[in-house]
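Nothing in this text is a laboratory measurement; each read-out follows from the coordinates by a stated rule. Since the structure is predicted, the reported quantities are computational estimates derived from the model, not experimental observations. So basically every Cβ, Gly included, is an ideal-geometry build from the backbone, and we count neighbours across all protein chains shown.
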Amino acid sequence: MSISAADAPIGVFDSGVGGLSVLRAIRAELPAEDLLYVADSGYAPYGDRDAGFIEDRAAAIAGFLLDEGVKAIVVACNTATVVAIEKLRAWCPLPVVAIEPAIKPAARMTRSGVVGVLATRQTLASANVARLCAAYGQDIDILLQPCPGLVEQVEKAELDSPASRALLEAYLAPLLAAGADTIVLGCTHYPFLLPLVREIVGPDRAIIDPAIAVAKELARRLGNQRAPASRPDPARTRFLSSAAGSSASAVVSALWGSSVVVEPVQVRPIAATG
């Protein structure tokens with residue numbers, strides 16, 4: 001299948017299952033498109049990995065998606081975006097749409113002048129986040145809160161367990177104490193914890209998940225490559241995971257909201273990042 005064909009699939013990947021929050025936004029925005037999702041759960045979380053490892057994995061998965069004939073790639077992982085997106089876009093011949101912490105809209109939205117950002121350590125330590133803070137944090141306080149352990153909870157589909165609640169309470173407490181009225185979910189895993197976050201922060205604080213904006217940008221970038229809404233066959237969504245064992249299907253089904261089959265995949269490094 002030609003990668004430029006309107007009926008070619010869209011490739012989406014994340015360090016694990018968190019990118020399903022972006023995938024569901026894409027499915028809502030582009031209901032006629034075939035989607036191919038790769039969860040690199042065998043190597044999750046990326047947040048505590050070094051930059052070279054993340055760059056290599058992003059390149060390997062993008063190469064795999066190219067071989068699968070996709071027409072666009074969505075990096076549904078904040079850590080992979082802030083670490084690897086520039087090198088990925090330098091060699092990938094397709095449109096590459098990526099997600100990053102929504103610091104810009106949060107800065108515009110805050111009334112108290114204090115924004116809290118929940119993300120992985122690697123994301124928060126990146127040059128991209130430093131750039132966003134410098135550009136939009138001149139007149140406000142942007143509090144960066146690393147959240148070790150949260151990705152692992154979502155990877156187990158433990159969305160409302162006592163352990164997940166305890167982690168979130170610990171990470172949100174200093175942000176709330178500092179007066180943050182806007183909370184940025186800076187990891188695609190975290191929207192699955194949104195009900196718990198809302199319960200902890202209360203109804204009066206804004207919580208920002210940029211998945212919808214990513215889906216709309218993807219639609220814009222596809223332009224005339226979009227699949228026709230009147231296509232004869234229903235759109236397909238394929239799920240692949242680098243995690244071993246049968247638990248992958250159970251976790252993805254729990255997060256996706258319906259029973260799905262997750263295919264095992266081995267994504268090997270490629271020499272295309274130079």
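Taking region 1-64, which chymotrypsin sites (Phe, Trp or Tyr not before Pro) meet the DSSP loop condition and have no more than 13 other C-beta atoms within 10 Å?
none
Quote the convex hull volume per residue of region 154-274, based on C-alpha atoms, as a whole number of Å³.
Taking only Cα atoms, region 154-274 has a hull volume of 207 Å³ per residue.
What lysines does Lys216 reach when the alpha-carbon gap must be under 26 Å and sequence neighbours fewer than 8 apart in one chain are set aside?
Qualifying lysines at Cα under 26 Å: Lys71, Lys87, Lys104.
So if I take the centroid of the Cα atoms in region 4-62 and the same for region 71-92, what is the distance between those two points in Å?
10 Å
What residues have an amide H closer than 5 Å to that of Ala98, excluding those fewer than 5 places away on the same chain, when H is modeled at 1.01 Å from N in the peptide plane?
The list, which skips near neighbours in sequence, is Val75.
Once phi is turned into ³J(HN,Hα) by the Karplus curve 6.51 cos²θ - 1.76 cosθ + 1.60 with θ = phi - 60°, what whole-Hz value does each residue of region 79-90 show in order, with x for glycine and proline?
Those phi angles translate into 5, 4, 4, 5, 8, 10, 5, 5, 5, 5, 5, 5 Hz.
From the residues Leu168, Ala5, Pro191, which one has its Cα farthest along the dipole of the chain in the positive direction, the dipole being from +1 and -1 charges on Cβ of Lys/Arg and Asp/Glu about the Cα centre?
The one lying farthest along the dipole's positive direction is Ala5.
In whole Hz, with x marking every Gly and Pro, tabulate ³J(HN,Hα) for region 116-127 from phi via Karplus 6.51 cos²θ - 1.76 cosθ + 1.60, θ = phi - 60°.
So the Karplus estimates, Gly and Pro as x, are x, 10, 9, 6, 7, 4, 5, 4, 5, 8, 7, 5 Hz.
Quick one: putting +1 on the C-beta of Lys and Arg, -1 on the C-beta of Asp and Glu, what dipole do you get for the chain around its Cα centre, in Debye to the nearest 20?
540 debye
Let me check I've understood the local charge: for Tyr136, count other residues with C-beta under 15 angstrom from its C-beta, Lys and Arg +1, Asp and Glu -1. What total comes out?
0
Binned at 10 Å from 0, what are the whole-percent values of the Cα-Cα distance distribution for region 103-209, short to long?
Values per bin, smallest distances first: 15, 52, 29, 4.
Helix 211-222 versus the longest principal axis of the chain: what angle, 0 to 90°, nearest 10, using Cα atoms?
With both axes taken from Cα atoms, the answer is about 40 degrees.
By per-residue mean of other Cβ atoms within 10 Å, what is the highest-first order of 94-106, 120-132?
The packing order, highest mean first, is 94-106, 120-132.
Using the Cα centre of region 103-209 as the reference point, and only Cβ charges (+1 on K/R, -1 on D/E), how large is the resulting charge dipole? Debye, rounded to the nearest 20.
For this selection, approximately 300 debye.
In region 1-75, which trypsin sites (Lys or Arg not before Pro) fall in coil by DSSP and have 11 or fewer other Cβ atoms within 10 Å?
Filter output for region 1-75: empty list.
Quick check on the chain: helices-only [θ] at 222 nm, where DSSP H runs of length 4 and up contribute -39,500 (n - 2.57) each and the sum goes over total residues. Nearest 500, please.
Result for the chain, helices only: -12500 deg cm²/dmol.
Do any trypsin sites (Lys or Arg not before Pro) in region 200-266 lie in a DSSP loop with no more than 11 other beta carbon atoms within 10 Å, and if so, which?
Hits after loop and neighbour filter: Arg236.
Under a Cβ-Cβ cut-off of 15 Å, what is the net charge of the residues other than Ala177 that fall near it, where Lys and Arg count +1 and Asp and Glu count -1?
Neighbourhood net charge equals -2.
With r as the distance between the Cβ atoms of Ala177 and Ala229 and R0 = 51 Å, compute the FRET efficiency 1/(1 + (r/R0)^6) and round to 0.05.
0.55
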